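The values are calculated or read from the model by the stated rules, or taken from the named source; none is laboratory data. Just so you know, these numbers come straight off a predicted model, no measurement behind them. Note that we place each Cβ from the backbone using ideal geometry, even for glycine, and neighbour counts take in every protein chain shown.
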Number of protein chains: 2
Amino acid sequence: MKDVARSAGVALKTVSRVVNGEETVAPATAERVERAIRELGYRRNEGARQLRQGRSQVIALVVRDIADPFFAAIGSAVETRAEKDAQVVMIGSSHDEPARERDVALGFCARRPNALILAPIAASQDYLLPEIADGLPVCAIDRPAHGLAADAVLSDNAGGMAAAVRHLHAHGHRRIGYLGDDPAVFTSRERVAGFRAAMAAHGLAVPGHEVRLGAPNPGWAATSLDTVLGGPDPVTALITANNRMTAEVLKLRRDLPALVAFDDLELAELLTPGLTVVAQDPEAIGNAAMDLLAAPAGQPREVRVPVRLIPRGSAERPR
Amino acid sequence: MKDVARSAGVALKTVSRVVNGEETVAPATAERVERAIRELGYRRNEGARQLRQGRSQVIALVVRDIADPFFAAIGSAVETRAEKDAQVVMIGSSHDEPARERDVALGFCARRPNALILAPIAASQDYLLPEIADGLPVCAIDRPAHGLAADAVLSDNAGGMAAAVRHLHAHGHRRIGYLGDDPAVFTSRERVAGFRAAMAAHGLAVPGHEVRLGAPNPGWAATSLDTVLGGPDPVTALITANNRMTAEVLKLRRDLPALVAFDDLELAELLTPGLTVVAQDPEAIGNAAMDLLAAPAGQPREVRVPVRLIPRGSAERPR
DNA sequence: CGCTGCCCTGACAACGATGTCAGCCGCTGA
DNA sequence: TCAGCGGCTGACATCGTTGTCAGGGCAGCG
């Protein structure tokens, strides 16, 4: 900047004005400065700018795993929105480890981002309290944050399960098995509660052994499948409540009963039969988070993003 | 920092020393400072640090689309490596638009990252020359950069096609159709050249109409399929050279001939039959890029990352 | 002609951290 | 006793940018 000023024969401040497109510079002067900028290949140092102005034009995004298509899609939506305001996105993954969530989030905070979007894993995010006190807007996605007042954008988990049950019921199923995640997980609790409520609303019983909640690993998936399908009176339909469980189940058996899966999968339509899913809307989640952050409020807000049932065959015809 | 210094009764510089873990601070003093840091919730401002030290601990990553599983996996690998050095990752997508690639990359450069990893789209990346002159290490991935001397990490495209042809040949196929991307794309040229070379090496002819190169949209995929499968003497096997073409082809027909697809797909093993692919190794690409950037050299280097043929059924049994 | 007000420009301090260098203190050894 | 040294600490300048404020020049008006 100093070089530009010297080359154009003006003061630093004038270069600053030109760079920022302020109106109060004489056209001839601006022209000289711009030529110098081009000739010298000058580019503003955003770090210094951030130092002077307080916050950098950066959105920090902490997800569970950026390689997960769901979070990758959220990242894509956030990035598209950020770009409109000349902001950039820092992305980090917690890999479902609380300590890593904290380290990554605090590492981001040290860069003084404009806002933080976080998919909470840890039991508490109170480590963010100093940052929030310092004016950092925080928005939780996928699950609510704990230990602090932050906005949250969540999928309509219960509504999705209601749709799944309604769909299966409409296709004649009365005994529906449910394979979900560990109930320690917030979304798992919401989904299984939604499932039970929907079953009750249809006057359907839910025997204990037909709801299986646990970590979606191959072993647990296999025993769970045996339990719900193996007895004298097996279920005629199945709901898998997350995509890892869905994948395990599909790998284990070709002769599954009617199936609705929570979470869409790439190529789900190419399977035989096509996989009927309750799809979350990651773009909408990312956009909603950006909306909340753009319009700060005194009170923490919660946005529920609709999910959508996509019939593709696996739940519609008898096997 | 000023508050911490006052609270601990020391000078700014001493706080700085403690924060940076320098040895020359008396244990009692360090203890006082650390307590003050905890009590005040002080966190170093990385922007200011960057200003003083020249570069921030940031890796900039520009991909074609972060929602693409291939690039998401690269991002994940880069992030894992970066985290080890307390670096963070800024990710942006060019969405295959040259202007956007440039804007995103230069926006990142303004943050003075430690290094830039870029999946080139534009005809030239010479807009980066000033940054490189300023000491920014740049590494291209997926495709080489043009207009500047930069390291590159590329998949072994030709080797992958050789493996595909070898595999199909071993399973008795002599007439192999090839559906690839627009030859304006670097990887497309490498792959089709690899295909032709491998066919020649096996003494197989490649009639012109059996190689179809174009943008992987539904219309082009349909006419291409008709061309290679429709004549009096249709091919008995097919290679799809990128995952979008693969998806289009799979959607169009159930009764495909033997098929090898370049690029792995989520759930490819669950299709009927399982999809035989030549899988790229995005983690290895991300890691190789980080390796190159960590060990700068005078000369630009090129790393070829091996690909791997994964037989899953679509190429192994007659249909 | 002098005053007012506007347009344009520049000097300077400040953002938060760290590199440089100087200085204080107590101890060692002659 | 005192020079010298090593361990520890602090004052100050600096990184690149922008907010604040002051001031020069000129047109318009009385």
Pick out, from region B:248-319, the strands (runs of 3 or more DSSP E) lying fully within it that include 1 or more residues that are within 14 Å of another protein chain (Cβ to nearest Cβ) and under 16 Å from B:F70 (Cα atoms). B:258-262, B:276-279
Hey, does region B:95-103 have a residue that's more than 23 Å from B:N287 (Cβ to Cβ), part of a loop (DSSP other than H, G, I, E, B) and not charged (D, E, K, R)? yes
Scan the strands (runs of 3 or more DSSP E) fully inside region B:105-162 and keep the ones with 1 or more residues being farther than 16 Å from B:G92 by Cα and polar (S, T, N, Q). B:151-155
If we keep only residues of region B:105-122 that are more than 9 Å from chain A (Cβ to nearest Cβ) and over 18 Å from the mean Cα position of the chain (by Cα), then the residue farthest from A:N45 (Cα to Cα) is B:N114
Test B:R301 against the stated conditions and say whether it is surrounded by fewer than 19 Cβ atoms within 10 Å (Cβ to Cβ), of a type outside the set (A, V, I, L, M) and touching a helix residue (DSSP H, G or I) at 6+ places or on another chain (Cβ under 8 Å). yes
A:P207 - would you say it is modelled with pLDDT under 95 and closer than 30 Å to A:A77 by Cα? no
Do we have B:A73 as out of contact with any strand residue (DSSP E or B) (no Cβ under 9 Å at 6 or more places or on another chain) and at pLDDT 95 or above here? yes
Report the residue count in region B:233-242 for those that are surrounded by 23 or more Cβ atoms within 10 Å (Cβ to Cβ) and either over 12 Å from B:R212 (Cβ atoms) or within 11 Å of chain A (Cβ to nearest Cβ) (or both). 1
Of all residues being aliphatic (A, V, I, L, M) and either farther than 22 Å from A:A60 by Cβ or more than 8 Å from DNA strand C (Cβ to nearest atom) (or both) in region B:44-59, which is nearest to the other protein chains (Cβ to nearest Cβ)? Just the residue, please. B:V58
Failed item, numbered, when B:T24 is tested on (1) surrounded by fewer than 17 Cβ atoms within 10 Å (Cβ to Cβ); (2) under 30 Å from A:M90 (Cβ atoms); (3) not acidic (D, E): (2)
Test: B:G41 is surrounded by fewer than 17 Cβ atoms within 10 Å (Cβ to Cβ), more than 10 Å from DNA strand C (Cβ to nearest atom) and farther than 25 Å from A:R55 by Cα: no
Contact list please: Cβ distance under 6 Å, first residue in region A:3-23 and within 14 Å of chain B (Cβ to nearest Cβ), second residue outside any loop (DSSP other than H, G, I, E, B) and more than 9 Å from DNA strand D (Cβ to nearest atom), pairs at least six apart or on different chains. A:D3/A:L40; A:V4/A:A36; A:V4/A:I37; A:V4/A:L40
